[in-house]
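The values are calculated or read from the model by the stated rules, or taken from the named source; none is laboratory data. Model, not experiment: these values are computed from the prediction. Reconstructed Cβ throughout: ideal geometry from the backbone, glycine too, with neighbour counts over all protein chains shown.
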Amino acid sequence: MTKDKIDAKALGGDWFDQASTMLLLFIKTHQGRFKAEHVRVWAEGCGMSAPHDRRAWGNVFKSAENAKIIFSSGYEKQDSPSCHGSPKNVWKKA
């Protein structure tokens, strides 16, 4: 499934439900390690609306970690200039 075949706007539920679904779709369509930033950029490219506060993505990832869907495999510098290279979790499918 590629991003041009996914229409995030067609997903039901509230923002959290949509973001959780997009995370699951990302995991199915991408191999290896990833950062939340990668999922966010991909999801927005599929038409996903941004939350009022981008930190809302943290709850999506924490919930997926608690459900044993993903796990943290370490830290790397964030790519976004707004994060000033601060270390962020790198995730992997469980």
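Side notes on the structure shown:
- Note on the stretch 75-94: residues that are touching a residue at least 24 places away in the same chain (Cβ under 8 Å) and among the small types (G, A, S) amount to 2.
- A residue that is out of contact with any Phe, Trp or Tyr (no Cβ under 8 Å at 6 or more places or on another chain) and either buried (at least 20 other Cβ atoms within 10 Å of the Cβ) or at pLDDT 95 or above (or both) occurs nowhere in the stretch 35-43.
- Summed over the stretch 27-85, residues that are in contact with a His (Cβ under 9 Å, 6 or more places away or on another chain) and within 22 Å of A10 (Cα to Cα) total 4.
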